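Enquirer: I am attaching a structure below and will ask some questions about it afterwards.
The values are calculated or read from the model by the stated rules, or taken from the named source; none is laboratory data. All figures in this text were calculated on a predicted structure; none of them were measured in a lab. Here Cβ is always computed from backbone atoms with ideal geometry, including for glycine, and neighbour counts include all displayed protein chains. Note: areas computed on protein heavy atoms with side chains; ligands, DNA, RNA excluded. Shrake-Rupley method; radii C 1.70, N 1.55, O 1.52, S 1.80 Å.
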Amino acid sequence: MWDFLRKRTLTQWILVSMVVGAVFGYLEPTTAQSLRPLSTTFLRMIKSIIVPIIFGTLVVGIAGHGDDMKRVGRLAFKSLVYFEIVTTLALFIGLFAVNFVKPGVGVSLQPPPGGQVAVPGGEQPTFASVLEHIVPQSFFEAAVQNQVLQIVFWSVLFAVGLSQVRGRPKEAMLGFCEGLAEVMFKFTAIVMRYAPIGIGAAIAVTVGHSGLGVLVNLGKLILTLYGALVVLVLFVFLPIAILFRVPIKRFVLAVREPALIAFSTTSSEAALPRAMQIMEALGVPRRIVAFVMPTGYSFNLDGSTLYLAVASMFVAQAAGVHLSFGQQLAMMLTLMVTSKGVAAVPRASLVILAGTLHTFGLPLEGVAIILGVDELMDMARTSVNLVGNCLATVVMARWEGEYAEPQPGVPLAQEGLLPIESVPPAPRTSGAAPAAS
């Protein structure tokens with residue numbers, strides 16, 4: 001019996017914990033709420049890894065391999081172009097889906113008791129505020145607040161400065177950063193042993209809080225979002241993967257575990273360290289993983305962007321407000337800009353949604369309705385955000401001509417926690433990448 005349990009993979013344990021958590025949350029909703037500390041503990045441990053692992057991997061990836069600002073700038077430009085194209089496609093898929101299904105038709109917006117709508121706090125970001133947010137006032141302040149984009153910006157400048165240093169100071173700092181990155185990878189492996197408990201508790205709390213009754217009342221909205229996300233994966237992600245010769249089967253096997261973590265915890269940050277490690281084991285250079293993945297958390301939130309398109313039009317339909325194609329296009333352009341700052345805002349997507357509704361004169365009561373099922377929709381959009389960013393790292397590696405075969409020497413692959421440990425390592429090439437299998 002013990003031998004059977006020991007041979008189960010971490011992914012299998014996570015799936016079991018999700019099922020057990022969902023059943024427990026449904027049968028004992030009140031007791032399930034008391035499990036929240038188990039979930040919070042897991043999320044806090046994971047979030048404590050983010051800053052040191054981003055700093056260590058970025059500095060080593062840039063300064064340790066002779067990169068200069070020109071090379072970093074080229075990667076940044078390619079990444080932003082890719083992010084903009086994919087998020088725009090996500091917006092229009094969401095717009096098409098909500099106009100085709102019309103989930104808001106027949107839903108009557110009723111003001112909550114007291115006439116006040118509980119709108120999440122935060123300010124609607126503008127393009128200027130997003131630019132200002134990129135630059136930290138203090139590295140330590142950004143680290144305390146887990147401001148990923150600010151950490152990336154500061155770390156890139158630090159690495160470029162370090163690359164211009166010669167002699168022992170550079171060697172000492174590179175040695176420290178390399179040691180920091182490797183220790184944090186091992187730290188991640190230790191924390192992931194606790195993942196089934198934390199994830200099972202998160203699912204139990206979610207089901208216990210929301211219940212399954214909300215599926216009946218707003219099931220059409222939920223199905224519209226999930227269906228649109230499936231379309232995004234099949235008709236955007238899959239063609240991109242084929243175009244850039246991404247090894248699809250291997251990619252799916254590798255990304256399934258961080259996607260499950262993101263789905264069950266509704267937190268992209270919870271899956272970030274694991275996803276970075278897995279993408280490196282998959283054959284993406286560390287410097288590309290360390291730059292593209294964290295940057296994508298602010299600029300490439302495909303699932304959240306699609307959700308905003310669906311949710312905003314749902315409210316318009318529920319309120320009986322007819323928006324012309326031009327007005328809908330203007331709304332999509334607004335979301336295209338404001339969604340880029342979504343990661344920097346508490347309860348991000350709902351804040352962006354509330355600001356958009358106010359801008360276009362739509363009732364904020366729509367936010368109160370969506371709040372009831374937001375956790376269920378957050379699961380799907382967060383996991384799609386994660387998959388989209390993992391795909392972006394492989395695409396950038398292919399575009400840069402630096403993708404290699406899976407690397408069993410990378411931490412976690414060594415411990416048999418990835419499905420690629422039996423593949424022999426292949427040297428990285430600066431030329432054309434090998435064909436996908």
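Enquirer: Please work out the C-alpha center-to-center distance from the stretch 278-309 to the stretch 50-65 and express it in whole Å.
Expert: 16
Enquirer: Can you tell me the convex hull volume per residue for the stretch 153-236, based on C-alpha atoms, in Å³ to the nearest whole number?
Expert: On the way: hull volume 15.6 nm³, N = 84.
Given the Cα convex hull of the stretch 153-236, per-residue volume reads 186 Å³.
Enquirer: With a 1.4 Å probe and every protein chain kept in, tell me what percent of the accessible surface of the stretch 146-265 is carbon plus sulfur.
Expert: Values: 3960 of 5520 Å².
Here it works out to 72 percent.
Enquirer: What pairs in Lys78/Lys249; Lys47/Lys220; Lys47/Lys249; Lys47/Lys102; Lys47/Lys78; Lys70/Lys249 have C-alpha atoms more than 32 Å from each other?
Expert: Values: Lys78/Lys249 25 Å; Lys47/Lys220 34 Å; Lys47/Lys249 29 Å; Lys47/Lys102 38 Å; Lys47/Lys78 28 Å; Lys70/Lys249 34 Å.
In this structure, Lys47/Lys220; Lys47/Lys102; Lys70/Lys249 exceed 32 Å between Cα atoms.
Enquirer: Can you give the accessible area of Arg245, probe radius 1.4 Å, in Å² rounded to 10?
Expert: 100
Enquirer: Write down the accessible area per residue of the stretch 146-244 in Å², having rolled a 1.4 Å probe over the full set of protein chains. Don't skip to the answer; put the middle values down first.
Expert: Values: 4740 Å² over 99 residues.
Each residue of the stretch 146-244 exposes 48 Å² on average to a 1.4 Å probe.
Enquirer: Just the accessible area for Lys249, please: 1.4 Å probe, Å², rounded to the nearest 10?
Expert: Counting only protein heavy atoms, the figure is 150 Å².
Enquirer: Binning every alpha carbon pair distance of the stretch 191-314 at 5 Å from zero, what are the percents per bin?
Expert: Over the stretch 191-314, the share of Cα pairs per 5 Å bin runs 2, 9, 14, 20, 22, 16, 11, 5, 2, 0 percent.
Enquirer: Here's something else I'd like to know. What number comes out for the charge environment of Trp154, summing +1 per Lys or Arg and -1 per Asp or Glu over other residues with Cβ under 15 Å away? Before the final figure, lay out the partial values.
Expert: On the way: positive: none; negative: Glu132, Glu141.
After counting each charged neighbour, the total is -2.
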